[in-house]
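One structure is given below, encoded as structure tokens.
Every number in this text was worked out from the coordinates using simple rules, so none of it is lab data. A quick note: this is a predicted structure, and the numbers were derived from the prediction, not measured. Cβ sites come from the backbone with ideal geometry, for glycine too, and all protein chains shown count toward neighbours.
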Amino acid sequence: MSQNVHRGLSHPSKRGDRATNRRRFFGQTAGLAAATVVADRVLAAGRPGPNDRIRVAVAGVRGRGGQLLSLFSSLAQVEVVYVCDVDRRTLDARLKSLAQSGRPEPKGIEDFRVALDDTSVDALVLGTPDHWHAIPTILACQAGKDVYVEKPDGHNLVEGRTMVAAAKKYGRVVQLGTQARSGAHLHRAMAYLAKGSIGRAVFAKAWESARQGSIGRPPDSPVPPGVNYDLWLGPAPLRPFNICRFHGSWRWFFDYGTGDLGNDGVHRLDIARWGLETAVAAQGGKLPAIPRSVSAHGGKYYFDDAQEWPDTLMVTYEYPGCVLTYEMRLWSPYPLEGEAEGAAIFGDKGYVVIGNGRWRAFESGGKQVVEERGGYNDQGHIENFLECMRVRKKPAADLETVGHPSSLLCHLGNAAWRAGHTLRFDPETYTFPGSEDAQKYLTRPEYRKPWVLPDLGRL
């Protein structure tokens, strides 16, 4: 495949001073835009043959990123040419595992920008922490690469908006890792709602009620050998190394993650929003992409540990004529509506409950009339991304139309909780009108140089 163009990001060993770095980060030319259009035209002109593999780089390969690496590398139409991680132990373990597969051996790298320098790379796959979603996505779009990025779309609202702007400007395919959008059984659930089966829907909810553990309060410690901690921090503030702010548990801290609302909640809210939108459309209405107000209540009521985000939370999203809620109980050992994690859409003639492995429909009076089992279809979601790369169309969880609107609900809920009062959001200006105290939750107070987020006028 490899029809990409590239902006010419320099190799780490050849980088100059900070001013030069910033010029390289933000620079672009009319020639790039024209070349990207030409590349897309070549891709759209004919589907590559079965031996024309899509070449990808996978960055952040521990945890979910490791699963993505396994999935991408298992597909015959894919060649993984770079594996990237800032932890040498993780990187070596993944390379060793791939070496046993008999596939072409990828290069192990620490800095993802090395892969962006390679014009033969078609796509960047990001399993990195939340604070490393936006900038690599934007740089990849500028370098002519398509992107598969894990959820949520960024660390905050402005990052998500900037990612969308970059994808649009450079004509890139960007798929968010909300794999439920590729689940066949969930499409059948939406088809059931689209028939008007539950009548007039005015309420939906999403929830997390699976018990999680404490992360404790370990002391700061030296950086583990083989870890590039400065690069791991990236745009986040420089702080002493702490193991509970690192692998896995980074998500519970304001600097790097979005709490469980952005971690698991984005899946449930995406499904609930999708279902409510479908049910409202069945009655001739249209659910706006953005709620008109958001309020949130909760806190750290159960776990006495270092986590900064709440373990108990209720968020209410108000739309014209309907309401969507999100409930988080990270300490409860029992399900809600029969599902530890789920979404439900309620109408005046019945309702639908959607869990991780099944969906059920109920008629008026509570009689169950449908039950279908199925998974979220990780592989199908990836295959959808690859096919959309080939034919240049929007994927199932397209960043602009699906990924960002659902991620936005998480960022809005977190902002409302941190502000401590109801917020109204203006999608045209990306501000909270009348809530000056909440504006600071739209983005980071400061991005650590050289990892400065570009403003829209500089993309």
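Exposure proxy for R161, R64, R188, R181: other Cβ atoms within 10 Å of each Cβ, ordered fewest to most, give R188, R64, R161, R181.
Spatially, segment 305-336 and segment 58-92 are offset by 32 Å when compared through their Cα centroids. Here the gap between S97 and E383, fully extended at 0.36 nm per residue and compared with their Cα-Cα distance, gives a gain of 100.7 nm.
One chain, two ends: A281 and S221. Fully extended at 0.36 nm per residue, the span grows by 16.2 nm beyond their Cα-Cα distance. Take each peptide in 365-371, 121-127, count the other Cβ atoms within 10 Å of every residue, and average; sorted highest first, the result is 121-127, 365-371.
Fewest neighbouring Cβ atoms within 10 Å first, the residues S97, S209 line up as S97, S209.
Between T119 and F241, residue separation times 0.36 nm minus the direct Cα-Cα distance comes to 40.4 nm. Take the Cα of K300, step 7 Å toward its Cβ, do the same at E428, and the gap between the two points is 4.1 nm.
For E105, the shell of other residues with beta-carbons less than 11 Å away shows a net charge of +2, using +1 for Lys and Arg and -1 for Asp and Glu. For Rg/Rh (Cα atoms, Kirkwood Rh), the value computed from the atomic coordinates appears in the list (i) 1.12; (ii) 0.96; (iii) 1.28 under label (ii). Across segment 77-93, coupling constants 3J(HN,Hα) worked out from phi with the 6.51/-1.76/1.60 Karplus curve, θ = phi - 60°, read 7, 10, 10, 7, 9, 9, 10, 10, 7, 7, 9, 4, 5, 5, 4, 4, 5 Hz, and Gly and Pro carry x. Take the alpha-carbon centre of segment 188-230, take the same for segment 357-414, and report the distance between them in whole Å. Result: 14 Å between the Cα centres. Within the chain, DSSP assigns beta bridges of which about 60% are antiparallel (rounded to the nearest 5).
Residue-wise HN-Hα couplings along segment 360-375, as the Karplus relation 6.51 cos²θ - 1.76 cosθ + 1.60 with θ = phi - 60° gives them from phi, are 9, 10, 10, 8, 4, x, x, 6, 6, 10, 9, 8, 9, 9, x, x Hz; Gly and Pro carry x.
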